[in-house]
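Working notes, structure below.
The values are calculated or read from the model by the stated rules, or taken from the named source; none is laboratory data. Just so we're clear, the structure is a prediction, and the values are computed from it rather than from any experiment. When we count neighbours, we look across all protein chains shown, and the Cβ atoms used for this are built from the backbone with ideal geometry, even at glycine.
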Amino acid sequence: MPGRNIVSVLEMIGTLLEIKGENPFKSRAYFNAARALAEREDLGEIVASGRLREIKGIGEAIAGRITEYVNTGKMAYLEELTREIPESLVELAEIPNLGPRKIKLLFDELHVGSVGELEYACRENRLINLPGFGEKTQAKILKGIEFVKKHKGEHLFGDVYPDAVAIRNRLRGIVPDCLIEVCGSIRRRKEIVRDIDILAAGGDKEALSLAFTSLAGIEEIYLTGETKTSCRLISGVDADLRVVSLAEYPCALVYFTGSKEHNIRLRAIAKKKGLKLNEYGLFDGDRPLPLKDEEEVYGALGLDYVPPELREDMGEIEAASTHTLPELVEESHITGVFHVHSEFSDGSDPIEKVVAAAKALGFTCLGISDHSRSAYYAGGLRKEDLFRQWDLIDSLNAKQNDVRIFKGIESDILPDGSLDYDEDILKRFDFVIASIHSNFNLKSDEQLARVITAMDNPFMTMLGHPTGRLLLSRDGYGIDMKTVIDEAAGRGVIIELNSSPYRLDIDWRYLPYAKEKSVMISINPDAHNGAGIKDVFYGVGIARKGWQEKKDILNTRTADEIKEIFEKKRSGTRD
């Protein structure tokens with residue numbers, strides 16, 4: 001857990017320094033350090049061996065504070081800052097359209113020190129005459145407050161999952177004779193989760209509770225007991241440990257995995273069979289039926305085993321009763337990734353390093369897709385940049401054949417639906433991801449028309465992050481996704497499942513419809529360095545929630561098969 005937690009701590013320090021009005025270089029140093037550690041999975045080992053200073057962006061002072069935090073779970077410097085600056089001000093930084101400078105101005109001029117006070121000030125129109133604000137900014141801040149209140153207590157799956165797995169693995173190491181699993185919405189791979197649920201069975205209950213409350217990274221313990229222990233992690237996420245007997249474990253695993261709606265359906269089926277199902281077991285009268293695992297729980301109810309990702313009462317019960325559940329895609333099926341940025345635009349790694357990362361994961365193909373020229377803020381590629389990049393890719397493909405590199409681009413969909421670059425350039429790419437990066441506030445019908453116009457372009461291969469959402473930060477722009485899927489089906493356009501844990505877009509709830517319409521999905525990491533390619537893992541979980549099978553996913557195919565699909569799309573032929 002230390003790697004994930006220290007990133008949050010460093011980002012908080014950077015925010016506090018900005019609110020305080022410190023030298024911007026000082027606050028930026030902490031944000032840079034957070035980015036440098038974001039992908040590190042071996043932080044404990046690095047600290048123990050004294051190699052922190054070897055990481056670019058980690059200076060002596062910051063290295064000392066990181067070491068202090070990793071070794072003790074505390075940081076004196078952070079505690080000092082939080083004494084100087086009200087903690088409630090940090091909460092204001094979560095509000096969209098409200099940066100640290102505005103927060104400081106609000107505090108100095110209006111004595112606004114909490115979300116509640118800010119909302120009241122907006123309702124009283126007190127922000128309108130403040131320098132840098134005005135009526136439109138006030139309206140945006142009010143909208144941001146509503147967004148934050150709506151999602152309060154929610155966390156990104158990608159932020160919580162590493163901590164949950166670390167807790168599970170640590171407990172398994174301390175109490176090796178126990179059955180221990182992560183449950184709840186995390187096991188179901190929901191994109192947004194509220195807390196961590198750990199279920200354990202067997203062994204010494206007291207030892208399990210003690211091991212749980214002794215874990216590093218715990219901020220407060222709410223409750224301890226033989227059957228339930230609850231705490232809050234430094235990251236702000238609540239975590240529960242529940243302990244049951246070995247006999248209770250199979251039904252408890254089903255129950256605590258959920259969802260609530262899925263469990264209600266299972267209990268109704270049990271009742272029809274004259275049985276009773278709850279977290280303690282499956283009972284025939286007062287007699288518990290002997291069950292060794294989850295598969296036997298479902299079998300006793302006349303159902304095929306339902307993978308955790310599907311347990312949302314969205315047709316999985318009916319499919320399990322008729323033996324028509326899909327064979328879900330697996331991470332091992334992925335042969336390569338697309339939507340990968342390099343240092344040619346806003347990526348941090350050269351293409352050679354990205355190729356090496358793909359090879360290390362066993363991938364056989366890789367699609368480089370830097371930003372197009374309109375994305376000036378992200379170093380979008382001019383024609384001469386493209387030519388240099390193509391020459392490099394040709395050279396790398398000639399030198400090695402382990403990973404076939406496809407020439408791609410993430411082309412902006414302009415407001416009128418046209419694609420960035422003329423046809424003479426677009427036709428030279430192997431594939432084109434077309435994405436919206438501007439004019440999010442168009443009316444729904446105008447946004448839809450914009451996307452459909454883009455899909456009419458014969459050189460558009462796939463639609464990138466189709467709603468533009470940023471989870472817990474920005475809602476997607478208004479667009480009718482079912483119509484988008486219909487139009488994509490008619491044109492042979494692939495739809496991206498952007499597996500960045502900040503996006504996970506297309507929403508999994510639309511994937512069964514895409515499957516019904518035979519629209520192919522590409523699970524893309526939207527990686528900005530070699531390490532980011534691993535984010536494809538998050539996309540596979542979402543694809544599984546959306547009933548996707550290996551055959552439904554573009555990047556489960558061989559490089560030759562993918563090349564053929566791209567060529568057919570450009571030529572306008574369909575299977």
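For the range 508-541: of the residues being at negative phi and polar (S, T, N, Q), which is surrounded by the most Cβ atoms within 10 Å (Cβ to Cβ)? The residue in question is N524.
Yes/no matrix, rows are residues, columns are (1) touching a Gly at 6+ places or on another chain (Cβ under 9 Å); (2) surrounded by fewer than 19 Cβ atoms within 10 Å (Cβ to Cβ):
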{"residue": "F157", "(1), (2)": "yes, no"}
{"residue": "P162", "(1), (2)": "yes, yes"}
{"residue": "R172", "(1), (2)": "no, yes"}
{"residue": "V175", "(1), (2)": "yes, no"}
{"residue": "C178", "(1), (2)": "yes, no"}
{"residue": "C183", "(1), (2)": "yes, no"}
{"residue": "I186", "(1), (2)": "no, no"}
{"residue": "V193", "(1), (2)": "yes, no"}
{"residue": "I196", "(1), (2)": "yes, no"}
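No other residue among E119, E60, E91 is more than 31 Å from the chain's Cα centre (by Cα) and either in the same structural domain as S27 (by TED's automatic domain parsing) or free of Cβ contacts under 8 Å to residues at least 12 places away in the same chain (or both) apart from E60. With of a type in the set (D, E) and buried (at least 20 other Cβ atoms within 10 Å of the Cβ) as the only criterion, which of D486, D475, D505 stands out? D505 is the lone residue from the list that is of a type in the set (D, E) and buried (at least 20 other Cβ atoms within 10 Å of the Cβ).
Scanning the range 542-554 for residues that are surrounded by fewer than 24 Cβ atoms within 10 Å (Cβ to Cβ) and in a helix (DSSP H, G or I) gives R544, K550, K551, D552.
Being over 30 Å from Q548 (Cα atoms), without any contact (Cβ under 8 Å) to a residue 60 or more places away in the chain and not aliphatic (A, V, I, L, M) narrows it down to one residue among G274, G236; which is it?
Details: G236 fails: without any contact (Cβ under 8 Å) to a residue 60 or more places away in the chain.
Within the list G274, G236, the selection yields G274.
Picking from residues in the range 355-369 that are touching a helix residue (DSSP H, G or I) at 6+ places or on another chain (Cβ under 7 Å) and of a type outside the set (S, T, N, Q), the one that is nearest to D526 (Cα to Cα) is I368.
Filtered by the rule that a residue be in contact with a His (Cβ under 6 Å, 6 or more places away or on another chain) and either acidic (D, E) or in a loop (DSSP other than H, G, I, E, B) (or both), the range 510-541 gives D526, H528. Within the range 214-228, residues that are free of Cβ contacts under 8 Å to residues at least 60 places away in the same chain and more than 14 Å from L171 (Cα to Cα) have Cβ atoms under 7 Å from residues that are of a type in the set (S, T, Y) and assigned to a strand (DSSP E or B) in these pairs: Y222/S230; L223/T229; L223/S230, counting only partners at least 6 apart in sequence or on another chain. The set of residues in the range 20-77 that are hydroxyl-bearing (S, T, Y), farther than 15 Å from L10 by Cβ and part of a helix (DSSP H, G or I) contains only T72. Taken over the range 284-327, the criterion of being assigned to a helix (DSSP H, G or I) and among the aliphatic types (A, V, I, L, M) is satisfied by V297, A300, L310, I317, A319, A320.
In the range 469-492, the residues that are closer than 19 Å to V193 by Cβ form Cβ pairs under 7 Å with partners that are of a type in the set (F, W, Y), at six or more places apart or across chains, as follows: L470/Y502; L471/Y502.
The residues on offer are L105, L130, and the sole one that is in the same structural domain as E22 (by TED's automatic domain parsing), of a type in the set (A, V, I, L, M, F, W, C), free of Cβ contacts under 8 Å to residues at least 40 places away in the same chain and outside any loop (DSSP other than H, G, I, E, B) is L105. Among the residues making up the range 389-424, those that are more than 30 Å from the chain's Cα centre (by Cα), closer than 30 Å to A449 by Cβ, surrounded by fewer than 20 Cβ atoms within 10 Å (Cβ to Cβ) and in contact (Cβ under 8 Å) with a residue 12 or more places away in the chain are D416, E423. S230: in contact with a Leu (Cβ under 6 Å, 6 or more places away or on another chain) and surrounded by fewer than 19 Cβ atoms within 10 Å (Cβ to Cβ), yes or no? For S230, the condition - in contact with a Leu (Cβ under 6 Å, 6 or more places away or on another chain) and surrounded by fewer than 19 Cβ atoms within 10 Å (Cβ to Cβ) - is met.
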